[in-house]
1. Sorted from largest down, what three extents in whole angstroms do the Cα atoms of segment A:196-314 have along their principal axes?
2. Taking Cα atoms, how many degrees apart are the long axis of helix A:24-49 and the longest axis of chain A, rounded to 10 and kept between 0 and 90?
3. What is the sum of charges, Lys and Arg at +1 and Asp and Glu at -1, for the other residues whose Cβ falls under 14 Å from the Cβ of A:Arg85?
4. Please give every one of the lysines within straight-line cross-link reach of B:Lys253, meaning a C-alpha to C-alpha distance under 23 Å, and leave out same-chain neighbours fewer than 8 residues apart.
5. Obtain the radius of gyration and the Kirkwood radius of segment A:246-341 from its C-alpha atoms and give Rg over Rh.
6. Restricting to Cα pairs below 8 Å that are 6+ residues apart, what does the relative contact order work out to for chain A? Please round to a whole percent.
7. Any chance you could give the angle, 0 to 90 degrees and rounded to 10, that helix A:299-310 forms with the longest Cα principal axis of chain A?
8. With n ≥ 4 as the cut-off for DSSP H runs, can you work out [θ] at 222 nm for chain A, using -39500 (n - 2.57) per run divided by the number of residues, rounded to the nearest 500?
Amino acid sequence: MTNHSTYTNGHAPATTNGHAPATTNDAIEQRMHRARSIVVKLEQALRTIILGQDEILAGVVQALVAGGHVLLEGAPGLGKTQIVRTLARLVGGSFARIQFTPDLMPSDVLGTSLVVTTAEGGKDLSYRPGPIFANLVLADEINRATPKTQSALLEAMAERTVSVEGKPLPLPSPFFVLATENPIEMEGVYPLPEAQLDRFLVKLIVRMPDLETLARIGARAEDPAPPSPLGSPEELVFAQGVARSIPAAPHVEQYAAKLVLATHAHRAARYGAGPRAMQALMACGRARSLAAGRAVVAVEDVAAAASSVLRHRVGMRFEAEAEGMTADTVVAQILACTAVG
Amino acid sequence: MRGEADAAADDLASGDPGRPSTRRDRGDEAPGSAPTGIASAAPLAGVVASARARLGRLAVRAETGRHAALLCAAAAAFGVARPLVWPLRDGEPWEALARALVLGAAGASAALAIVIARAWRSRPSTLASARRLDGALGLAEVVASGYAFERDGRDDEMARFAVERARRAVVGVSVERVLVSAPRARTTAESRWLFAAAAAAVLGIGVGALDRVVVERALRPVTTREASAAAELKKAADEAAANVARDDAKDEKGADVVAAARRASDAARRGDRRGALSALDDMRAASRALEADERAQARALRSLRDELEGSARPRGAGDRAGAEGARGPTRPSATAAEALAGLRRDLAAAGTDGEAVRGMLERLERAEAAARAAAERSARADGAGRRERSGEDGAGRRTPAGEDGARAPSAGAARREAWSRVAAALAEAREAKARGDGDAAKRAMERAERELSKLEEASRGASARDALARLADGASELDRSMHAALRGDPSGGRARGDDAGDLRAAGAEDAPGAGTSRSTSKASGDPSGAAGAGPGGSERRAGSEARRVRTGGGLQARAEVREGERAAGVIEGMGRGGDPRAYRELFPSYDTIVEDGLREDTVPAARRPTVRRYFSSIRPGDDGDRQGP
């Protein structure tokens, strides 16, 4: 029995040694290793600055590697802005912060054309880019801006371009929008429309740290020193490329599709997630598998990303909300009853 | 397959980016190989298949343990159903326990088969098995994804990398060691259920092992006398069977008697008194049918003899058989064959005496009619018997059990043919004599004589009758011993019967209790009140006894009481309103005894017709109204 059930390939495993030439697999291995080290270092550096938000940090980094945008929801003072600021320093790219207010105009985000005097003394229109033209953009309290200003972000987030005077201007790469919103102060806010919510790869809930973390935060006499950059933004682009190349088995893709479809069938859901959620699930799964050093997307990766990917894409019924159900409850129930394969 | 795998592995390990990684890429794919881009051989498929089989076995084991209570319940249900599903019938009492155990095991096996089939069918799919293998190895989707890529023939770089990683992960892996059943402790409720089910199984098999015979045997064990009587009956049945076979009569009714006797003996030996009594009833019924046949045959032979002798018809004025030859012989013949021989001689001696010849031809014609009538009766009786034995129901439908009986040639058919041959021979003789062909008439009559001799020989069948009589005696003894055992009398009432017999032997006619088994059994509370089985169904002693029989009219006659106490009881009872059915059952035995006695020349030839007329006059009628003297 053992003879039949103990398996050998009959050939030497395709591993490399010091003398062997680099093989395709070795190259892949090295690429993955390098990409993973970027992700891990980024996450570890963030953790040294931001205490008690490990899951949020992991989610932010994975969204960054997946090439998506993040919507952070949490009470003031939980470190949302600090996360983005630190991330910008670590990545080494440009950083811009936009404080969304009701009187914020789209031109304040995208930029505006000014009348300037040319060298010949004539007048001309000159485009001055807005804060959106940065590698990392912090859209602070995005729900305080008017829908018109919020929608100005739509094209930028989805197409990674800005149309100025009918001409598309590409945004820098990498381009990462991290928006925050305050769930407490609902007076004078403009809830984000579903179309814009769908542009965010994930929505992360920043929660209050626990007692031990708070004590550690309090023990800090002063804010930690700003971190030194880990590399260039191109390294992040490289990691994003490696993540995108990670394959997923059909049953994993089917599992993700089942999850997305299940949001429509749930009794508490007024509407469910769309195909973009499917893409988001797989992208997050790839990023997570890269962070874990795996060459394939696992079901666990998809399941782990499901909550942050689906929670802002599921519209709840009033009856369900009255019963105290949330989108997270719906996603948890879907995860519990969805089988693999 | 191994070569394909090696080639694929070499391709993967070559590391040459420009080199096609598989034979398919190189364009030299082996004919008939699987159209996969990775390798024709699929090492992961093998390990996944093994993992699936292993998981199936584990699932079977787990499900069997989980449904142990169900298996016990099935065993209990099947064990309890033993009396309905597999009744004991002719089996030994200990077979009830064996059968209950077998049924219980069968039930548990059936339930186990269902559990196993369901568990096996619900075993994980290959992909799920690969995922379970991942889980057991502490991997996250490595083997499962690699297996999926390998199965789907994914040819991209990362997929090949994933497959290679998966293959490396399973190198040296023993699925038997990796995939083990999770330890699972039974809950208290489960343990209680299992205990209850096990107890139910034991109880069910125990209840299934309880048979009526077992209970009866436990309450009233088989007495020594019952065992002895059963053995005697068995021996008598064997002797009777040998006689029936030796006579080559193929008499189904005789075989029925023997079979019923054997059943009764076996049942009594097992302690199945109800079954034994039922078999004895069957035996009595078969005996009555057999006797009815014998009686009919004897009557037919007598009738033929009387017609041949010319004594059957009253001599009226219109009877012109005034001549000596036409009136019949001066000395009556004992048998029909003798009568025919006498007629043949008379016919030869008559010469040209037309009147005498005409008278004798008329006797021949009447004898022929009698033979034909006998043939028709035999045919009717044979048809009825065949229908009864073939299992036809009232609507004429045939049951499968009766196929053999319907096909086998019966004694009735042989008898009918014999009678037909006699009739044909007599007709031929008559016609030949009418033509004046004396030789042909003589030959035909001799042929008829031979046929009649055979019929008479078969009718006499003394040895078979004796065997059947012994069978009846044995049955009677068994009947009494069983009733005595049911009453709680281990002696079986033998002492009482012996005392009565002694008293009768001493001439004490009025001795109480000197009755038949019927009267005795009734007087002593015999629940069945059954008489001894068969003719003279009573205790038979060695040799005949001379007893003084008192008839109803005060006439006392010394008689050979061959048929035992029952005969005496029946005759005694006739004068005070006895049971006419018992008389009808008893009389056929006298019929044959009379014929035997007349044949032995102990009765003067001149008195034989008188004796015959006497017994004809006391013959019970078919309507049951006529009784004995």
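Throughout, read-outs are computed from the coordinates displayed, never taken from laboratory work. As the structure is a computational prediction, the values presented were derived from the model and not from experiment. Glycine gets a Cβ as well: all are built from the backbone with ideal geometry, and neighbour counts include every protein chain shown.
1. Sorted largest first, the three principal extents are 51, 36, 26 Å.
2. Computed tilt is about 50 degrees.
3. Result for the neighbourhood of A:Arg85: +1.
4. The reachable lysines, counting only those whose Cα sits under 23 Å from B:Lys253, are B:Lys234, B:Lys235, B:Lys454.
5. 1.00
6. Details: 559 pairs, mean separation 70.1, N = 341.
So the answer I get is 21 percent.
7. That helix lies at roughly 20 degrees to the long axis.
8. Roughly -14500 deg cm²/dmol at 222 nm, from the helical runs in chain A.
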